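Have a look at the structure below before the remarks.
Laboratory data are not the source of any read-out in this text; all were calculated from the coordinates shown. Owing to the predicted nature of the structure, the values given are computational and were not obtained by experimental measurement. So basically every Cβ, Gly included, is an ideal-geometry build from the backbone, and we count neighbours across all protein chains shown.
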Amino acid sequence: MNAHLRRGICPALSQPIATGDGLLVRLTPTGTTMSCEAFAALCTAARSCGNGVIEITSRGSIQIRGLTEVSVKHFAAAVAGIDVAFCEGPPVLSDPLAGLDPQEAVNVGAIAADLRRAIAAAPLGVDIGPKVSVAIDGGGMLHLDAVAADVRMRAQASSAHLHVAVGGDAETATPIGAVAAEHAVEAAMRMLRVIAAGGPAARARDIVAMNGAAALSSLITDILVDLPRPPRRAAADTLGVHALRDGRVAIGIGLAFGHAHATALEKLTHAAADSGATGLRTAPGRALLVVGITEHSAERLADIAQRLGFIVRADDPRRQIVACAGAPICAAGEISTRALAPSLAKAAIAGPDAPMVHLSGCAKGCACPRSTPLTVVGIEGRCGVVVNGSARDKPLVTLMPEALPGALSRCADGVRRLRAGDESAAEVLSRLDRAQIMRLILGEAPRA
Ligand code: SF4
């Protein structure tokens with residue numbers, strides 16, 4: 001098989017991946033601000049070389065879809081002429097407002113850049129797994145707690161140290177200890193070397209499961225500092241206006257179901273430039289940040305973004321649905337998730353669950369590995385409905401796609417009726433038995 005058509009890899013420019021709508025290229029920004037001109041040029045190249053669909057992933061990577069064997073070369077040439085840098089090698093993420101955030105304890109943008117240079121200068125020797133990543137969090141307002149990574153570091157406000165954990169998001173990762181900021185690159189490199197030595201499929205969480213956390217913590221005992229685990233934080237939300245260090249602001253704008261057309265993104269970028277923006281950054285959670293504008297300009301830009309179909313309000317119902325590419329975009333898709341998602345968003349339940357519904361084209365569950373109140377999974381053209389589970393779990397009921405919006409709407413009504421206080425939908429559903437949930441989905445009021 002041609003090397004650039006391999007599945008299961010994170011395709012950089014030189015390694016596009018074959019999908020149902022052509023070749024896909026994934027670009028991981030370095031976390032620095034892309035000028036409006038550069039981002040608009042990227043969108044133009046995506047429109048002229050691909051099918052115009054641009055995605056921003058849950059980790060803030062940019063995906064260009066619908067390229068061909070020929071046009072991918074033109075796209076690569078166009079990107080080479082754009083003044084914007086993308087990560088090569090394992091993704092090293094920093095918080096999306098690194099260097100601009102008045103609340104950050106450490107500007108980790110410089111540490112992330114040093115780590116990328118260290119990886120490039122001293123290759124990890126063997127094939128590191130394509131999904132291995134590092135998250136370095138400066139302790140600011142748009143933190144990376146929800147982003148899973150093999151190696152994660154979090155700056156602590158009271159000291160120039162970073163807390164190290166491995167194999168998960170902030171909730172699930174195994175804590176290791178803390179290192180001084182000047183030792184962060186060395187600590188990450190030592191752990192990445194051991195992960196790489198395990199081969200392309202090795203992940204930090206597997207090493208911990210097999211050999212315990214000591215297999216990784218013992219690598220850095222000489223630079224470990226005994227500091228308490230940092231406290232939990234409220235979830236970060238990219239949407240909205242965020243104050244920056246220089247007195248200006250950034251505005252977070254979401255892509256509905258994680259994708260937008262290049263034309264809409266070009267219009268948004270031109271409006272950002274007209275507002276005097278320094279540029280744009282991508283952010284975890286399928287969002288963009290327009291940075292370096294005034295509060296007044298942010299209001300105007302929010303209006304324009306909303307008219308262009310982007311998400312600017314925290315209570316936008318489209319945020320309740322997370323959907324993968326699905327059929328026909330993904331060859332493995334059994335249902336057209338992107339066609340179904342807008343009608344499901346109208347029926348979703350506003351509440352503390354985010355997302356409320358995971359719409360998955362197949363049981364792989366790419367868009368959301370964790371449990372959601374309702375997971376809809378494609379099975380031979382039909383929709384399996386899993387309650388409080390993931391796409392890999394056994395569906396409670398299977399429906400035709402056209403029956404899904406009605407079923408979800410009835411379920412949402414039922415949850416609203418049965419909700420006590422500020423209970424989440426997941427909590428309401430967890431106290432109902434199978435028969436009660438079936439009655440909710442199929443339209444009969446459950447007996448309490
Ligand atoms: S979950 Fe299945 S259908 Fe959806 S993107 Fe992943 S492989 Fe494709």
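Need the list of aspartates and glutamates near LYS394 for cross-linking: C-alpha distance under 19 angstrom, and skip anything on the same chain fewer than eight residues off.
GLU334, GLU380, ASP433
Using 0.36 nm per residue of separation minus the Cα-Cα distance, give me the extension gain between ALA209 and MET400 in nm, one decimal.
64.8 nm
For segment 97-223, what are the per-bin percents of Cα-Cα distances with bins 5 Å wide, up to the bin holding the maximum?
Reading the bins upward from 0: 2, 12, 22, 25, 21, 11, 5, 1, 0.
Modelled label-to-label distance, CYS366 and ASP303, 7 Å Cα→beta-carbon offset: nm?
A separation of 3.8 nm, rounded to one decimal place.
Please give the calculated 222 nm ellipticity per residue for the chain, where each DSSP H segment of at least 4 residues contributes -39500 (n - 2.57) and the sum is spread over every residue; nearest 500 deg cm²/dmol? Provide the component values of the computation, followed by the final result.
Values: 12 runs with 131 residues, N = 448.
Helices in the chain give a 222 nm mean residue ellipticity of -9000 deg cm²/dmol.
Taking +1 at the Cβ of each Lys and Arg and -1 at the Cβ of each Asp and Glu, which of LEU142, CYS87, GLN15 sits farthest along the dipole of the chain towards its positive end, judged by Cα position relative to the Cα centre?
Result: GLN15.
Positive end of the dipole of the chain, charges at C-beta (+1 Lys, Arg; -1 Asp, Glu), about the Cα centre: which of ALA435, SER371, ALA121 has its Cα farthest in that direction?
ALA435
Looking only at Cα atoms, what is the convex hull volume of the chain per residue, in Å³?
Value for the chain: 150 Å³ per residue.
Can you give the translational diffusion coefficient of segment 321-441 in µm²/s, computed by Stokes-Einstein from the Kirkwood radius over Cα pairs at 37 °C and 0.692 mPa s?
237
Any idea what the dipole of segment 97-223 comes to, in debye rounded to 20, about its Cα centre with Lys/Arg Cβ at +1 and Asp/Glu Cβ at -1?
That gives segment 97-223 a dipole magnitude of about 320 debye.
How far, in nm, would the chain grow between ARG233 and ALA331 when pulled straight, counting 0.36 nm per residue and subtracting the alpha carbon separation?
31.4 nm
Give me the dipole magnitude in Debye, nearest 20, for the chain about the Cα centre, with unit charges on the beta carbon: positive for Lys and Arg, negative for Asp and Glu.
The dipole magnitude comes to about 1040 debye.
Simple spin-label model, 7 Å along Cα-to-Cβ: ALA110 to ALA435 in nm?
The answer from the label model is 6.7 nm.
Toward the positive end of the charge dipole of the chain, about the Cα centre and with charges on Cβ (Lys, Arg +1; Asp, Glu -1), which of LEU24, GLY168, ALA407 goes farthest?
ALA407
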